[in-house]
Amino acid sequence: MDDTSGILDEALERLHSTGPEREDWLSNHAPMAVEALVRRGQSATVHRWLDYYDSKLEDRPRRVSPITETTWRQALGDPRHLTDWADYFARQLAERPWREVLTVWWPRLLPGILASATHGVIRVGHAVRTLLDAERAAHATHTAHTTPDTAAGSPATHAPTASHTSPAPSGPRLTELAEALGYWAARHQPLPGAVDVGGAATPAAALAALPRLADQSGGIRDRLARVPTVPGWQQAMGALHVPDDPDLAYAQLSRLVRAGTHRYATHGHGEPIMLVHAATAPNAVLRTLPALPRALWAPSLCAVWPPVAALMMIYGPAAPRPAPHFAGDRPAEHHPAQQHPADDQAADDRAAERLSAPTAQAQQAASMTPDEVFAQAAAHGDEHVIKFADTAMDVAAAAPDGDARALAAALHAQSMIDAPR
């Protein structure tokens, strides 16, 4: 991210006087959305977008009692300590390198990755991405200033690779990590029931095999409490293959992000806002892995998959939407014996109605660049649309063909989620 304008830091400073939630439980999405807007070349829209979002923001909650090394376990998952947790991590990050703090706390927080419908880990993922950018920029500057001039005949030296050779990040981006970790800790929420993840399924196959919660009434906590009543839920959540090798685990997590993004195009209508997190949550973990020891990569995949599966189970629709069709796709099998001639016209009409929207979005996605899709998301203005498009761009960037399916999913989110008024 090339943010020489300073707009991201300005926006974060503006936001850090506000709380992480509103109306007692709804997440403040602004820090995540503005990071995505700046990263994707939409810096000029940030302050105008914040002017709109400002009406949703509330003051920071009052402090209750300081969190210490001896009391943190009792305060974990207690939202009364929202501000206390942010204070705690601010102190930690002032005393120790941010990667060291993250390495200590990441495995402590992973079991509660469902915190605030996964918004805790998502906010951490956005914060870490900015800190990694700051490190790379500082490292590049440091290298440019310390590499000898080989034209004078002196031998070139290799650029340093250790992260500590670059100046430590500070300022609003470091504060944002404290706020994000604090939010996750205060809303820490384990999944009800134990899940042993260690099957053989690919992410796409594991998602396709998930059972659906029949009673989808109530909010997320009500639905999660009913997950253990779903027949076969533990086996389905345990089906994903989690490689022990860190590089293979990283690749598997990338495939999970891709599968979750693609699946939104066919299943997002179950709950258009909540189901974006089945893609954005694992992507937040993926963005964080480069800042963590490799030994934590496979456990991170193991931890994020059950919440993704739970979101799909408790918000998934009764019937999927037809998948977008792209040039080169294999045609769907046709079974004329299963259809009576008298029903031909009615069946054709129903099929045309079902397929018109996915086909139009596929055609639109195939004709647009990822930057154009994101610019359209920024113009739409909804924070979930913006963040999902950001993830879709990551998926498209990782694919040799640009992944028009991911872009079509982002366009689908724009069509289903209402734009702000």
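Just so it is clear, none of the values below were taken in a lab; they were calculated from the coordinates. All figures in this text were calculated on a predicted structure; none of them were measured in a lab. Cβ atoms come from the backbone with ideal geometry, glycine included; neighbour counts cover every protein chain shown.
Overview of values
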{"item": "Globularity index of the range 371-411, i.e. its alpha-carbon radius of gyration over 2.2 N^0.38 Å", "result": "1.04"}
{"item": "Burial order of peptide ranges 267-279, 16-28, 308-320, 65-77 (average beta-carbon count within 10 Å, highest first)", "result": "267-279, 308-320, 16-28, 65-77"}
{"item": "Where the Cα pairs of the range 193-269 fall when distances are cut into 5 Å bins, in %", "result": "3, 15, 20, 22, 22, 13, 5, 1, 0"}
{"item": "Packing rank of 81-88, 375-382, 397-404, 238-245, where each peptide gets the mean count of other beta carbons within 10 Å, highest leading", "result": "81-88, 375-382, 238-245, 397-404"}
